[in-house]
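*Asks:* Sharing a structure here in C-alpha cells format.
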Amino acid sequence: MVAPARILSFAEAIREAMAIAMDADEHVFLMGEDIGVYGGAFQVTGDLVHRYGEERVMDTPISELGGAGVAVGAALNGMRPIYEFQFSDFAMLATEQIVNQAAKLRFMLGGAVSVPVVFRMPSGSGTGAAAQHSQSLQAWFAHIPGLKVIEPTTPREAKGMLLAAIADPDPVMIFEHKLLYKTKGPVPEGYYTVPLNKAAVVRPGADLTIVASGLMTVRTLEAAATLEQSGVDAEVIDLRSLRPLDIGAICESVKKTSRLMCVYEGVKTMGIGAEISSAVAESEAFDFLEAPIIRLGGADAPIPYSPILEKASAPQVADIVEAARKLATGAV
Amino acid sequence: MAVEVILPRVDMDMTTGKFTRWFKNEGDAVDRGATLFEIETDKAAMEIDAPASGVLRGVSAKPGDELPVGSVIAWIYAPDEPYAGAAAPVARPSLATPAPAGGATSEQRRVESVAEAASPPRGVRATPQARAKARESGIDIAAINGSGPRGRVQVGDVVARATTIAAEQGERIAQGAGESRPVAIGEAKAAFTGGGAAAPEIPAVDFAKFGPVEIMALSRIKRISGPRLHAAWVNIPHVTHCDEADITDLDAFRKQLDDEAKADKKAPYRVSLLPLLMKASVTTLKEFPTFNAALAQGGDALILRRYWNIGVAVDTAEGLVVAVVKDADEKGVIELARELGALSAKAREGKLLPSEMQGATFTISSLGGIGGTAFTPIINAPEVAILGVVRSKTAPVWDGAAFRPRLMLPLCLSYDHRAIDGAAAARFCRHLAQTLADMRRALL
C-alpha cells in the first residue's frame, strides 16, 4: 500500500529528494554558494549541512566556473554531484563547463565516460531582483544536445524529477521557478521518480491546447478555470521537460483541439514557443490546425526592476485568459 | 508594407456586410483610428476606423456592394511606398475563379466583380485543416468564401460548401425529372386551388404627372427594418388580442419611484411605466412559456427559451429600433429603469451595438407617451408575440356597488397563431392585467 502523501512546499520536496539520494548513495553530494550554514539563498538546502556534514554539503567560493568545473570533474570520476547556482543567471559564468564539457564529454570520448551531474537553476522573474537575477534561460540550454533540461511544476514532480535526474547518467539542468519554492502540494514518502521525457495533460479540454511549464503552467491552469466560466474549454499540457521535448503529446492534443498556444516566461523571440510551434507545423498535426499558433512569451526586454513593469514583462493569468479567448473564439 | 483594409466582422453571426460609404477617397491621406468607411449589417450601421496611417489606394468597394466578411476593400500604403495602380497586392482573391457548374449565385457574382476590380488573384487564405478537408472532399478551396478572420477559409466553410454542392446536385436531379413530365389541364387547375403567397405587385405610378413631387430618401434604419417588418407581416399569421389592465395603484407606486429616482444625488434617472410592464411581462411569460418561444425551422416544434430578454421598441429620429434588456428576470425595477434609460439614450444617438439589438425573447412596443386607443403591433420575428400598449385613461369601472374612477391601460397583444391559440392569448392577457393591477403577484 502506498503511504498517504504529506503536504510539502516545493523547496521542502527538493530538499527531501536530495536527502533521500544522499542516504541511498554515498557518491551523492551538494555544492553551491551559501548552501551550507546559510541554508541556500532560497533556503532549499536548509539544514542539510547539519545532517550530512560540510564534506557532503559544500559551500563553494564565488566562482561558478570553478564550482561547476569541480562538479563536472567529480562526476567524471564516479561521483553524483548536485551543483546549485544561486541564481540561474550565474550559470552563464559556467557555460564552458556545462555546454562544452559536461554535454560533450560522453561523445568526445566515444561513450567511455558519462557526466552524471545535476545543475539546480533557481530562475524566473517576480521577485524584484531585476535584469541580472530574473531571467528564464531554459531555451539557451535546451539548444544543447547532450543536456537534459527539465522544469517541474508541483512539489511532487520536483522531488520525483530531481531523483530521476540524480539517477540519470547524463547532465541534467533542473529549472526551479523562485515563485514556486513556497507553493505547497502533496508529496509521497520515500523514493520514487517522475520520467524526464514526458509531458503531462494536466487539464483535458476540447477548444484549444495551451502548452506551458513551471510557474506558467500554474498560471495557465488558473486561466483555464476562468475561461471555463465563459465556455472556453482549454486543454493544458505541462511540458515538464524542455529537452527532450515531448512533441508527440502536443501533436496528439492539437489533433483534438485544432488550436495551439504556447505560454513561456522566457523572452518570446527565439524561445521555447518558437520550437514548439515549428515542430507542430512540421508534424502531421499541421493538417488539423484551424488558426495560427500563438506564442505568449516574455517581453523582448531585460526584466525591469519596477514591480509594475516586471509584472508586465511576463505572462500573467489575465494575459493568458485574453489570448486564449481570442484564439478559441476565432478572433485570430 | 501596404496594409489591407478589410470588411470586418462586427457581429458574431455576421457573414456578409453591405458597404455603404467611404469617408476618404482614393489617394487621400488617412490616419490610423480615424473613421474610414461605413457598413450595414442586417441589424445596424457601423462606422469603421482606418487600420493604419498612410495613403488610401486600390479602393474597390462601392456603396451598395454586399461583401463577405474579410473582403479586402482597399489598401493603405506608406506615403513613400510605390503604388502600381490596379496591380495592388491582393490577399483574398479566390473568388475570381470560375463559378462551379451549378452557376454562381448573384452574391458570388457581385463579389467576383469586386475582387476582379481590385487586382489579379494570388493565393487563398485557408487554415491547414480546411485545406486538408478540401483535398479529401475534392472541393476547390478557391471557390469558397471564408468566414474566418480576414476571410480565412475555416474547415466549417468547406463542410458547408460540400453540403451545398450535394444539395444542388440533388435539386438538379429532381428538376430534370419534373421537366419531362407532361401536365394535364385539369391537373393544373386542381393544383392551383391551394393558392399561395405570390402577392401581385403594386404597379408603378408616375406621380409627377399629377403634380410637383419631392424625393426623400428613407433613413438607414428604415431601409434595414423595412424588409424585416415586411417578412414578419407576410410570413406570420398575426392575430391581435385586446384587453385592459387597472393600473391605478401601480401608477401611484410608479410616481413614488420616479420622484425618488429624480432625487437620486449621484445619478438621477426616470421610472416610466415600461420597467414595471417588463417586470409584469416576465412574470406572465414564466407562467406561459410558449409566449417566450420561437418556432423551430420547419414549424413542427417550439423552441422554449429559458431566458427572458425583453426587447423594447425605441422611437428615434432615424426610425424605430428595438433595444434588448438581457436577463430581465434577474433584474429589479430600478435596475431595469436605469438600463432602459441608458439603452434608449444610446439608441437615440445611433450608438446601439448589434449585441444590444439581438437575442430578445418577447418585445414591448409602447405608444403610451403619445396616445391612441389600440393598435396591431407586428411581431418581431422570430419571436411569437409582442405586447403593444397605448395611453392609459381614467374610466368608470363598476366594482359591484358603484362606478369608481380607475386608471385603465389598454393592452394589445399580437401573437403568431401557428404557435399560440386565441384562448391562450386571452389567458395570457388576463394574467398580465392581474399582475399589473397588483404587482405583489410578481413576487409569487
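The values are calculated or read from the model by the stated rules, or taken from the named source; none is laboratory data. What you see is a predicted model; the values in this text were computed from it and never measured. Because the Cβ atoms are built from the backbone with ideal geometry, glycine has one as well, and the counts that use them run over all protein chains shown. These accessible areas exclude ligands, DNA and RNA; they are computed on the full protein's heavy atoms, side chains included. Shrake-Rupley method; radii C 1.70, N 1.55, O 1.52, S 1.80 Å.
*Asks:* Taking the condition of being surrounded by 10 or more Cβ atoms within 10 Å (Cβ to Cβ) and hydrophobic (A, V, I, L, M, F, W, C), how many residues in the range B:214-225 meet it?
*Replies:* 3
*Asks:* Is it true that some residue in the range A:264-273 is at pLDDT 95 or above and in a helix (DSSP H, G or I)?
*Replies:* Within the range A:264-273 (the criterion being at pLDDT 95 or above and in a helix (DSSP H, G or I)), the answer is yes, since at least one residue qualifies.
*Asks:* So is A:LEU242 within 14 Å of chain B (Cβ to nearest Cβ) and either within 21 Å of A:THR153 (Cβ to Cβ) or surrounded by fewer than 19 Cβ atoms within 10 Å (Cβ to Cβ) (or both) or not?
*Replies:* no
*Asks:* Quick check on the range A:308-329: of everything there that is charged (D, E, K, R) and over 22 Å from A:ALA234 (Cβ atoms), which residue is surrounded by the most Cβ atoms within 10 Å (Cβ to Cβ)?
*Replies:* First pass over the range A:308-329, keeping only residues charged (D, E, K, R): A:310-311, A:319, A:322, A:325-326.
Filter once more, keeping what is over 22 Å from A:ALA234 (Cβ atoms): A:310-311.
Numbers: A:GLU310: 20, A:LYS311: 12.
Among residues in the range A:308-329 that are charged (D, E, K, R) and over 22 Å from A:ALA234 (Cβ atoms), the one surrounded by the most Cβ atoms within 10 Å (Cβ to Cβ) is A:GLU310.
*Asks:* Suppose we filter the range B:125-158 for residues that are facing another protein chain (nearest Cβ under 7 Å), part of a loop (DSSP other than H, G, I, E, B) and either of a type outside the set (S, T, N, Q) or open to solvent by 30 Å² or more (accessible area, probe 1.4 Å) (or both); how many remain? Don't jump to the end; show me each part of the working.
*Replies:* First pass over the range B:125-158, keeping only residues facing another protein chain (nearest Cβ under 7 Å): B:127-129, B:132, B:148-149, B:154-155.
From what's left, part of a loop (DSSP other than H, G, I, E, B): B:127, B:148, B:154.
When the remaining residues are screened for being either of a type outside the set (S, T, N, Q) or open to solvent by 30 Å² or more (accessible area, probe 1.4 Å) (or both), the result is B:148.
So the count comes out to 1.
*Asks:* Looking at B:ARG172, B:ARG181 in this structure, which one is in a loop (DSSP other than H, G, I, E, B), surrounded by fewer than 17 Cβ atoms within 10 Å (Cβ to Cβ), at pLDDT below 80 and more than 14 Å from every other protein chain (Cβ to nearest Cβ)?
*Replies:* Just one listed residue meets the conditions, B:ARG181.
*Asks:* Let me ask you something else. Restricting to the range B:290-306, what's the tally of residues that are touching a Pro at 6+ places or on another chain (Cβ under 8 Å) and open to solvent by 30 Å² or more (accessible area, probe 1.4 Å)? Write out each step before concluding.
*Replies:* So in the range B:290-306, the residues touching a Pro at 6+ places or on another chain (Cβ under 8 Å) come out as B:294-295, B:304.
Filter once more, keeping what is open to solvent by 30 Å² or more (accessible area, probe 1.4 Å): B:295, B:304.
Here the count works out to 2.
*Asks:* Let me ask something additional. Within the range B:262-279, track down each residue that is open to solvent by less than 10 Å² (accessible area, probe 1.4 Å), of a type in the set (A, V, I, L, M) and not in a loop (DSSP other than H, G, I, E, B).
*Replies:* Within the range B:262-279, the subset open to solvent by less than 10 Å² (accessible area, probe 1.4 Å) is B:271, B:275-278.
So of that shortlist, the ones also of a type in the set (A, V, I, L, M) come out as B:271, B:276-278.
Result: B:LEU276, B:LEU277, B:MET278.
*Asks:* For the range A:270-283, indicate whether the set of residues that are within 14 Å of chain B (Cβ to nearest Cβ), at negative phi and buried (at least 23 other Cβ atoms within 10 Å of the Cβ) is non-empty.
*Replies:* Yes, the range A:270-283 contains at least one residue that is within 14 Å of chain B (Cβ to nearest Cβ), at negative phi and buried (at least 23 other Cβ atoms within 10 Å of the Cβ).
*Asks:* Which pairs have Cβ atoms under 7 Å, sit 6 or more apart or on different chains, and link a residue in the range B:363-382 that is over 15 Å from B:ILE310 (Cβ atoms) to one that is in a strand (DSSP E or B) and of a type in the set (Val, Ile, Thr)?
*Replies:* So the pair list comes out as B:GLY368/B:VAL389; B:THR376/B:THR240.
*Asks:* List the strands (runs of 3 or more DSSP E) that sit entirely inside the range B:280-361 and contain at least 1 residues that are aliphatic (A, V, I, L, M) and closer than 19 Å to B:THR435 by Cβ.
*Replies:* So the answer is B:310-316, B:319-325.
*Asks:* Turning to a different aspect of this structure: Within the range A:80-95, does at least one residue satisfy the condition of being in contact (Cβ under 8 Å) with a residue 12 or more places away in the chain, in a loop (DSSP other than H, G, I, E, B) and out of contact with any Lys or Arg (no Cβ under 9 Å at 6 or more places or on another chain)?
*Replies:* Yes, there is a match, as at least one residue in the range A:80-95 is in contact (Cβ under 8 Å) with a residue 12 or more places away in the chain, in a loop (DSSP other than H, G, I, E, B) and out of contact with any Lys or Arg (no Cβ under 9 Å at 6 or more places or on another chain).
*Asks:* Kindly indicate whether A:VAL194 is without any contact (Cβ under 8 Å) to a residue 60 or more places away in the chain and over 25 Å from A:GLU282 (Cα atoms). Lay out the reasoning, then the answer.
*Replies:* Numbers: without any contact (Cβ under 8 Å) to a residue 60 or more places away in the chain: yes; over 25 Å from A:GLU282 (Cα atoms): yes.
Taking the combined requirement at face value, the residue satisfies it.
*Asks:* Another question, then. May I ask you to list the residues in the range A:284-301 that are open to solvent by less than 50 Å² (accessible area, probe 1.4 Å), of a type outside the set (A, V, I, L, M) and part of a loop (DSSP other than H, G, I, E, B)?
*Replies:* Filtering the range A:284-301 for residues open to solvent by less than 50 Å² (accessible area, probe 1.4 Å) gives A:285, A:289-291, A:293-294, A:296-299, A:301.
This time we only want the ones that are of a type outside the set (A, V, I, L, M), so: A:290, A:297-298.
Listed by number, the list holds a single entry, A:GLU290.
*Asks:* Between A:HIS27, A:HIS50, which is within 13 Å of A:ILE166 (Cα to Cα), open to solvent by 60 Å² or more (accessible area, probe 1.4 Å) and out of contact with any Ser or Thr (no Cβ under 9 Å at 6 or more places or on another chain)?
*Replies:* Of A:HIS27, A:HIS50, the one residue that is within 13 Å of A:ILE166 (Cα to Cα), open to solvent by 60 Å² or more (accessible area, probe 1.4 Å) and out of contact with any Ser or Thr (no Cβ under 9 Å at 6 or more places or on another chain) is A:HIS27.
*Asks:* Okay, moving on. Out of the range A:1-44, which residues are more than 19 Å from the chain's Cα centre (by Cα) and basic (Lys, Arg)?
*Replies:* A:ARG6
*Asks:* Between a first residue in the range A:313-332 that is within 11 Å of another protein chain (Cβ to nearest Cβ) and a second residue that is in a helix (DSSP H, G or I) and of a type in the set (Gly, Ala, Ser), which pairs have beta carbons less than 9 Å apart while being 6 or more apart in sequence or on different chains?
*Replies:* A:VAL332/A:ALA323
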